[in-house]
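Q: Quick one: the structure is below, and I'll ask about it shortly.
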Amino acid sequence: MKIKYIQKTSLIDYPGYLAAVVFVTGCDFRCGYCYNKTLQNFAKADDFIPVAEILQTIKERSKFIEGVVVTGGEPCVQPGLVDFLAQIKDLGLKIKLDTNGHNAELLEFLVNEKKVDYVAMDIKAAPQHYETVVGSKVDLEQIKQSVACLLKTKNVLSEFRTTVWQGFATTLDFHQIFELIKGAENYYIQNFYSPEAECTGSYLPMSRSEIEPILEMGRKYVGKIVLRGDWL
Ligand code: SF4
């Protein structure tokens, strides 16, 4: 595990639970809007926190927190993830995993073996725009398999989520996204937000008037659809 840092307490990253948040480095995608760009590349050997140190911090926090969020970067490209999660579970804490869903076999294992309690999976775009949005090669079968796994399992709670910006997608594109996750309990649409000037590029937040018709359409496909972020 290559872990860049740990946020000792968060009220917002694990729905319903007070949690620590572990940020791993390294991701197989290169989303243009990524606001964790410093976590896209794998850290050099001297640029990450030893796992033992992270686990000790979590252990010390375990009286105060109820869970741990493992995010990134992309946790599912990390060798040692399964072992790391097991050690968190041994502390009696719940685990939320954030993933881009590009390693379906690993995700299925984690879900089927109840190694995690909650999974938040990104749906980056309609299938034909996936590679453009994530800036790298994508095996769409992996994405579909991960979605299918989360839709059918009773082992974990889950959410799908999409980051949007002005002009992100047409109504038809959203129709395809909704078809992909049809039957999901929770779908979150996150408006683009950049804490760093370098990430803004050609991205601007989507307006409420642009998203309203999408919400209307989405309610026919998923149980709950929620907006995250600021909407003008
Ligand atoms: S999948 Fe997530 S961490 Fe990876 S590049 Fe995209 S937004 Fe950034």
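The values are calculated or read from the model by the stated rules, or taken from the named source; none is laboratory data. Please read these numbers as outputs of a predicted model, since none were measured by experiment. Quick reminder, even Gly has a Cβ in these numbers, built from the backbone with ideal geometry, and neighbours come from all protein chains shown. Ligands, DNA and RNA are stripped out before the accessible areas are found, and what is left, the full protein with its side chains, is counted by its heavy atoms. Shrake-Rupley method; radii C 1.70, N 1.55, O 1.52, S 1.80 Å.
Q: Enumerate the pairs (first residue in the range 127-146 and closer than 18 Å to Leu172 by Cα; second residue anywhere and away from the ligand (no atom under 14 Å from the Cβ)) with beta-carbon separation below 6 Å, excluding pairs fewer than 6 apart on the same chain, so at least 6 apart or on different chains.
A: Every condition considered, the pairs that remain are Pro127/Leu140.
Q: Something else: Of a type outside the set (Val, Ile, Thr) and in a loop (DSSP other than H, G, I, E, B): does that describe Lys144? So that I can check it myself, show each step before the final result.
A: On the way: of a type outside the set (Val, Ile, Thr): yes; in a loop (DSSP other than H, G, I, E, B): no.
Spelling it out, it is not the case that Lys144 is of a type outside the set (Val, Ile, Thr) and in a loop (DSSP other than H, G, I, E, B).
Q: Any idea which of Lys37, Lys4 is in contact with a strand residue (DSSP E or B) (Cβ under 9 Å, 6 or more places away or on another chain) and at pLDDT below 95?
A: On the way: Lys37 fails: in contact with a strand residue (DSSP E or B) (Cβ under 9 Å, 6 or more places away or on another chain).
Just a single option satisfies the conditions, and that option is Lys4.
Q: Quick test of your reading of the structure: Ile143 fulfils all but one of (1) more than 17 Å from the chain's Cα centre (by Cα); (2) modelled with pLDDT of 95 or more. Name the failing condition by number.
A: (1)
Q: While we're here: Of the residues that sit in the range 49-108 and are charged (D, E, K, R) and under 23 Å from Lys37 (Cα atoms), which one is nearest to the ligand (Cβ to nearest atom)?
A: The first filter runs over the range 49-108 and keeps only residues charged (D, E, K, R), leaving 53, 59-61, 63, 66, 74, 83, 89-90, 94, 96, 98, 105, 108.
Okay, now just the ones that are also under 23 Å from Lys37 (Cα atoms), so 74, 96, 98.
On the way: Glu74: 5, Lys96: 15, Asp98: 8 Å.
Looking at the filtered set, the residue picked out is Glu74.
Q: Can you find, within the range 24-38, the residue that is farthest from Thr162 (Cα to Cα) among those that are near the ligand (Cβ under 6 Å from one of its atoms) and open to solvent by less than 20 Å² (accessible area, probe 1.4 Å)? Let's see the steps before the verdict.
A: First, pick out the residues of the range 24-38 that are near the ligand (Cβ under 6 Å from one of its atoms): 27, 29-31, 34, 36.
Next, from what is left, pick out any that are open to solvent by less than 20 Å² (accessible area, probe 1.4 Å): 29, 31.
Details: Phe29: 15, Cys31: 12 Å.
Only one residue fits best here, namely Phe29.
Q: Report, by residue number, each residue of the range 147-171 that is within 16 Å of the ligand (Cβ to nearest atom), outside any loop (DSSP other than H, G, I, E, B) and either open to solvent by less than 10 Å² (accessible area, probe 1.4 Å) or farther than 30 Å from Lys94 by Cβ (or both). Spell out how you get there, then give the answer.
A: First pass over the range 147-171, keeping only residues within 16 Å of the ligand (Cβ to nearest atom): 147, 159-165, 168.
Now restrict to residues that are outside any loop (DSSP other than H, G, I, E, B): 147, 159-164.
Across the range 147-171, the qualifying residues are Val147, Glu159, Phe160, Thr162, Val164.
Q: Looking only at residues in the range 39-48 that are open to solvent by less than 80 Å² (accessible area, probe 1.4 Å) and closer than 15 Å to Gly80 by Cβ, which one is nearest to the ligand (Cβ to nearest atom)?
A: Residues of the range 39-48 open to solvent by less than 80 Å² (accessible area, probe 1.4 Å): 39-40, 43, 47-48.
Checking the rest, the ones that are also closer than 15 Å to Gly80 by Cβ come to 43, 48.
Details: Ala43: 14, Phe48: 16 Å.
Of everything passing the filter in the range 39-48, Ala43 is nearest to the ligand (Cβ to nearest atom).
Q: Suppose the filter is farther than 28 Å from Glu105 by Cα, among the aliphatic types (A, V, I, L, M) and surrounded by 15 or more Cβ atoms within 10 Å (Cβ to Cβ); does Leu227 pass it? Let's see the steps before the verdict.
A: Numbers: farther than 28 Å from Glu105 by Cα: yes; among the aliphatic types (A, V, I, L, M): yes; surrounded by 15 or more Cβ atoms within 10 Å (Cβ to Cβ): yes.
Criteria met by Leu227.
Q: From the list Gly135, Gly101, exactly one residue is farther than 26 Å from Ala19 by Cβ and not basic (Lys, Arg). Which is it?
A: Values: Gly101 fails: farther than 26 Å from Ala19 by Cβ.
Being farther than 26 Å from Ala19 by Cβ and not basic (Lys, Arg) holds for just one of Gly135, Gly101, which is Gly135.
Q: I'm trying to understand the selection: among the residues of the range 5-23, which are open to solvent by 60 Å² or more (accessible area, probe 1.4 Å), in a strand (DSSP E or B) and not hydroxyl-bearing (Ser, Thr, Tyr)?
A: Within the range 5-23, Gln7, Lys8, Leu11, Ile12 qualify.
Q: Okay, moving on. Residues in the range 104-119 that are crowded, with 22+ Cβ neighbours inside 10 Å and within 26 Å of Ile214 (Cα to Cα): how many?
A: Number of matching residues: 1.
Q: Can you tell which of Gly92, Gly73, Gly101 is over 19 Å from Ile143 (Cα atoms) and either open to solvent by 10 Å² or more (accessible area, probe 1.4 Å) or touching a residue at least 40 places away in the same chain (Cβ under 8 Å) (or both)? Steps first, please.
A: Details: Gly73 fails: over 19 Å from Ile143 (Cα atoms); Gly101 fails: over 19 Å from Ile143 (Cα atoms).
Step by step, each of Gly92, Gly73, Gly101 is checked, and only Gly92 is over 19 Å from Ile143 (Cα atoms) and either open to solvent by 10 Å² or more (accessible area, probe 1.4 Å) or touching a residue at least 40 places away in the same chain (Cβ under 8 Å) (or both).
Q: Anything in the range 181-210 that is outside any loop (DSSP other than H, G, I, E, B), at pLDDT 95 or above and more than 17 Å from the chain's Cα centre (by Cα)? List them, or say none.
A: Within the range 181-210, none qualify.
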